[in-house]
Amino acid sequence: MCWRIWHLARKKKQLELEDQQRVAQRRWEREQGLRDATEDMFEDMSEGEKGDVIGEMAQHSPTKHFQRNFSDLEKWDENKEKKLYIVLISLHGLVRGENMELGRDSDTGGQVKYVVELSRALAKMPGVYRVDLFTRQISSPEVDWSYGEPTEMLTAGDDDADVGESSGAYIVRIPFGPRDKYLRKELLWPHVQEFVDGALAHIVNMSQVLGEQIGSGQPVWPYVIHGHYADAGDSAALLSGALNVPMVLTGHSLGRNKLEQLLKQGRQSKEDINSTYKIMRRIEAEELSLDAAELVITSTRQEIEEQWGLYDGFDVKLEKVLRARARRGVNCHGRYMPRMAVIPPGMDFSNVISQEETPEHEGELASLINTDGSSLKAMPPIWSEVMRFLTNPHKPMILALSRPDPKKNITTLLKAFGECRPLRELANLTLIMGNRDDIEEMSSGNASVLTTVLKMIDKYDLYGQVAYPKHHKQSDVPDIYRLAAKTRGVFINPALVEPFGLTLIEAAAHGLPMVATKNGGPVDIHRALNNGLLVDPHDQAAIADALLKLVSEKSLWHDCQKNGWKNIHLFSWPEHCRTYLTRVADCRMRYPQWKTDTPVDEVAVGESLNDSLRDVQDMSLRLSIDGEKSSVADISLDNGIAGSGDVQDQVRRVMSKIRQPENVPTESGGKNSPDMVTSKYPLLRRRKRLVVIALDCYDNSGNPERKMIDKLHEIIKAVRLDSQTARFSGLAIATAMPISQTVEFLKSGKIQANEFDALISSSGSEVYYPGVSTDGDGKLVPDPDYASHIEYRWGYDGLKKTVFKLMSTTEGIEKSEQSPCPVEEDKNSRNAYCISYLIKDPKKARKVDELRQKLRMRGLRCHLMYCRNSTRLQVIPLLASRAQALRYLFVRWRLNVASMYVILGEAGDTDHEELISGTHKTVVWKGLVDKGSEESLRTSGSYLRDDIVPRESPLVVCISEQAKAEEIADAINKVTKLASEM
């Protein structure tokens, strides 16, 4: 026993030391990132500007109230004639509008109720036409049939208004993952891209429908895409990038915060935590969400500083610096931090009895029941269900309502109640702990808490004093609050940490004072409502004293009740929605809008999507072009530096493009002649399906191997085998090579570029179409809109300098103090939206996720990948990649992603994983393996491949290494059949 005690004490000290070292290392890395970022940005500032910015960094004025200061914003005008389409995303759990099964499991909690009510409330706001809440469609015998319905109306549009039938709020269920299984959120990660493709198809179709109803025949695109939780944030980031629509994020709870707490407990190793909760994949999804989000909505200031402050992608000090520079119009060299806004959740008070109707006399409950508990009058069924546990139901009720999760700290509350005799004599305790049929069928954590609760009730002999009903409906919750209020009771939330605490607001609305944890959101709620007491959740004596104080002092109880009623309007849904729409409108003013009022189907290759350069703030490089007289300047082959400079630089670049002569040379050797750029569509627009070749077969120098040409010939032959399907089938190639090398490579294999309908080059930073002229010279036309589509948050200058510096140093040791630099710039592979480095020493190259972390700490956002057999590191814009380019083709030319067939090897560039999952069909060519690049993707301890790519999918088939055209055609037909049977 002594040895065991010594061993546990030694292990505890070791864990504490490792935790201190980890925290210290992370703090040093963040400080280094901030120092590098500010040094780079301060180079071109005057001394006065430097002083102003440093002064802003030093300021720290804690917010005393919820952030509702809109002095710098235009308050949402409810009289504006706007017809907005808003998209919300909440992927996991069981989501429906009525009879929500809250508490059924850890995935079906307060978030479900919040997003449904937010959808309803936004749809009722003037100017909002339609709200879509996206979630997962589940057709499983494990759950109710209603979760398999594709669409559910939450609220209809205004009947008095002249609107179309599509107005209102709707739950839209997108099928992804196994169709017949209900999966917990940790198992949904490999299927996220499948959801994105399904949601994208719905949005594109709905934009056309809404265009007919309210857009005068022109598509109505989403006003904002709002992701809730990490999985929805990851999805929203991809959708936002495909549609170029601003993204908003609400975390609800955060992975880094949870990981820190679990590590401090010392019960599980980091590997065990990751295995159980997929915590590293969740954290990466939250980082990706920060990369893409314009606005992050939080419930409290504490969430910003103590939770989001743990992330690589957000730093409070650097955010202040960047905001100050933006106000002065100073170049930030591509650095960016999302805005954080505190907006407390709203609440629907329609089911709350007004304070005038609440009885003021203590005998009101006695008028409803006999002394033996039998009913004198009709009462809500849940009252009887609760009171059957209690010997004396007239006593004040201490009410706790939460899942039986260890972090909710229910056992400490029960211990405080059981060990405080005066409290037991004065009050009853009611524990509403979700719904259950059999404890044995619950998850281990929840079952453990419930078992402990039952043992403690027996230990302290609390029979007749504690109620713990097994079932309740969502509609019963208001009645439970009313019962507690009629007994002069108290609501308590003793959670170890509470991100917000919506139940505290609900309780206050029903006239219940509160006792709540001092860790998290309740601090701000108490500051606003002033209707109770805050306690340390670890101090059971403090919990008992606070409860005893409120139930015994009648004047204090009445003051807390009145204060709650007086201030509860701060949390109404109309107030929440006005604040929300104001913030979103502000972020849209900063966002580079490119979407057009012209239907995409009516736009030709050589035509711009915009009619004019309408706004100097518009960062897109779309030009005003007359389809019959003008030509498109080649904007994507500009080898000059395309940074994210100030507005004047943007305007100068645009105007210089407009003044260019009509015949502009391209890297492919041709010219953008009037014959080449006409009002015709590319063949791609008329295709019903597209076969995308994304083979990564390179030698040790990064040059394509000869067998890659042989495979291309077999694929082309396979597509043409069936004469009927060949007529509507197109070909595209997606490669890491620049367009000039791609064309040269094709010529070496005697393949004309015009064999393909689209060429995606430089890892997805360029998109080209074959020339539409009939001379067969293989001239290529760059997509006129793709460059401006992907340039969002693209900081060429800052990235080029910082990536080279990071690759040239190891753990802070400068290049001059160690061996020669392992990289050099590859000028032959770069373009305006692709920075390319030649890897001279692969052993010294950093992993992709490590580089991404360092860049995020410096406020730089991009897409990094090792490619061409790990001989190149390419840095491209955040919205660019081979996978995202396919979604762009969908939005641009209406070629559905589900009609695409991607052919790739077993392993390849570090973006290989992104090309496998999704609604497209995938053909994996066995034996084509380039493991060098994939091994450069993740460090040890990061998320796993299985968290990105599903192990089994009916959308993926394999072919042998020696496959010929017939086998390839059979594989395409097979995966088509499997997909149709899903």
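Mind listing whichever residues of the stretch 244-299 are surrounded by fewer than 22 Cβ atoms within 10 Å (Cβ to Cβ) and of a type in the set (Val, Ile, Thr)? 273, 276, 279 - these are the residues of the stretch 244-299 that are surrounded by fewer than 22 Cβ atoms within 10 Å (Cβ to Cβ) and of a type in the set (Val, Ile, Thr).
Selection of the stretch 738-773 for residues being under 14 Å from residue 787 (Cβ atoms) and among the acidic types (Asp, Glu) yields only 766. Scanning the stretch 211-224 for residues that are assigned to a helix (DSSP H, G or I) and surrounded by 23 or more Cβ atoms within 10 Å (Cβ to Cβ) turns up nothing. If the condition is being open to solvent by 70 Å² or more (accessible area, probe 1.4 Å) and touching a residue at least 40 places away in the same chain (Cβ under 8 Å), then the stretch 708-720 contributes only 717. Under the condition of being open to solvent by less than 20 Å² (accessible area, probe 1.4 Å) and within 25 Å of residue 189 (Cα to Cα), the residues counted in the stretch 946-982 number 5.
Listed by position, the strands (runs of 3 or more DSSP E) enclosed by the stretch 774-878 that each have at least 3 residues that are open to solvent by less than 20 Å² (accessible area, probe 1.4 Å) and at pLDDT 90 or above are 835-839, 863-867, 872-876.
Among the residues of the stretch 133-153, those identified as touching a helix residue (DSSP H, G or I) at 6+ places or on another chain (Cβ under 6 Å) and either under 25 Å from residue 498 (Cα atoms) or open to solvent by less than 20 Å² (accessible area, probe 1.4 Å) (or both) are 133, 134, 138.
The listed residues are 452, 411, and the only one of them that is buried (at least 18 other Cβ atoms within 10 Å of the Cβ), among the hydroxyl-bearing types (Ser, Thr, Tyr) and without any contact (Cβ under 8 Å) to a residue 60 or more places away in the chain turns out to be 411. Answer yes or no: is there a residue in the stretch 736-758 that is in contact (Cβ under 8 Å) with a residue 60 or more places away in the chain, closer than 19 Å to residue 928 by Cβ and either out of contact with any helix residue (DSSP H, G or I) (no Cβ under 8 Å at 6 or more places or on another chain) or β-branched (Val, Ile, Thr) (or both). No, the stretch 736-758 contains no residue that is in contact (Cβ under 8 Å) with a residue 60 or more places away in the chain, closer than 19 Å to residue 928 by Cβ and either out of contact with any helix residue (DSSP H, G or I) (no Cβ under 8 Å at 6 or more places or on another chain) or β-branched (Val, Ile, Thr) (or both). Checked against (1) within 40 Å of the chain's Cα centre (by Cα); (2) open to solvent by less than 70 Å² (accessible area, probe 1.4 Å); (3) at pLDDT below 85, residue 736 meets all criteria but (3).
Could you give me the residue pairs with C-beta distances under 9 Å whose first residue belongs to the stretch 29-46 and is buried (at least 19 other Cβ atoms within 10 Å of the Cβ), whose second residue is modelled with pLDDT under 75 wherever it lies, and which are 6+ apart or on separate chains? Every condition considered, the pairs that remain are 38/53; 38/54; 38/57; 41/53. Note on the stretch 305-345: residues that are touching a strand residue (DSSP E or B) at 6+ places or on another chain (Cβ under 6 Å) and farther than 17 Å from residue 856 by Cα amount to 3. Looking across the stretch 317-342, the residues that are at pLDDT 90 or above and either farther than 23 Å from residue 29 by Cβ or among the β-branched types (Val, Ile, Thr) (or both) come down to 339, 341, 342.
Applying a threshold of 7 Å to beta carbon distances and a minimum spacing of six or more residues, or different chains, the list of pairs starting in the stretch 677-700 at a residue that is of a type in the set (Asp, Glu) and ending at one that is surrounded by fewer than 19 Cβ atoms within 10 Å (Cβ to Cβ) and modelled with pLDDT of 80 or more reads 699/705.
Which one of 569, 558, 576 is in a helix (DSSP H, G or I), modelled with pLDDT of 75 or more, of a type outside the set (Lys, Arg) and crowded, with 20+ Cβ neighbours inside 10 Å? Write out each step before concluding.
Values: 569 fails: crowded, with 20+ Cβ neighbours inside 10 Å; 558 fails: crowded, with 20+ Cβ neighbours inside 10 Å.
Only one candidate passes the filter, namely 576.
If you filter the stretch 99-132 down to residues that are within 18 Å of residue 472 (Cα to Cα) and touching an Asp or Glu at 6+ places or on another chain (Cβ under 7 Å), you find that the one that is surrounded by the fewest Cβ atoms within 10 Å (Cβ to Cβ) is 106. Here the stretch 155-191 is the region considered, the condition is being among the aliphatic types (A, V, I, L, M) and surrounded by fewer than 23 Cβ atoms within 10 Å (Cβ to Cβ), and the residue that is modelled with the lowest pLDDT is 161.
Every residue, every condition in (1) over 21 Å from residue 866 (Cα atoms); (2) touching a residue at least 40 places away in the same chain (Cβ under 8 Å), yes or no:
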position: 924; (1), (2): no, no
position: 947; (1), (2): no, yes
position: 952; (1), (2): yes, no
position: 956; (1), (2): yes, yes
position: 959; (1), (2): yes, no
position: 978; (1), (2): yes, no
position: 981; (1), (2): yes, no
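Evaluate the stretch 598-607: report whether one residue or more is surrounded by fewer than 18 Cβ atoms within 10 Å (Cβ to Cβ), modelled with pLDDT of 80 or more and either out of contact with any Lys or Arg (no Cβ under 8 Å at 6 or more places or on another chain) or under 20 Å from residue 121 (Cβ atoms) (or both). No, the conditions are met nowhere in the stretch 598-607. Scanning the stretch 84-141 for residues being in contact with a strand residue (DSSP E or B) (Cβ under 7 Å, 6 or more places away or on another chain) and either assigned to a strand (DSSP E or B) or among the small types (Gly, Ala, Ser) (or both) gives a total of 20. Taking residues in the stretch 95-113 that are under 19 Å from residue 349 (Cβ atoms), and partners anywhere that are open to solvent by 10 Å² or more (accessible area, probe 1.4 Å) and aromatic (Phe, Trp, Tyr), the pairs with Cβ atoms closer than 9 Å and at least 6 places apart or on different chains are 110/500.
The values are calculated or read from the model by the stated rules, or taken from the named source; none is laboratory data. Everything numeric in this text was worked out from a predicted model, so none of it was measured. A quick note on method: Cβ atoms are made from the backbone with ideal geometry, for glycine too, and the neighbour counts reach across all protein chains shown. The accessibility values were calculated without ligands, DNA or RNA, using every heavy atom of the protein model including side chains. Shrake-Rupley method; radii C 1.70, N 1.55, O 1.52, S 1.80 Å.
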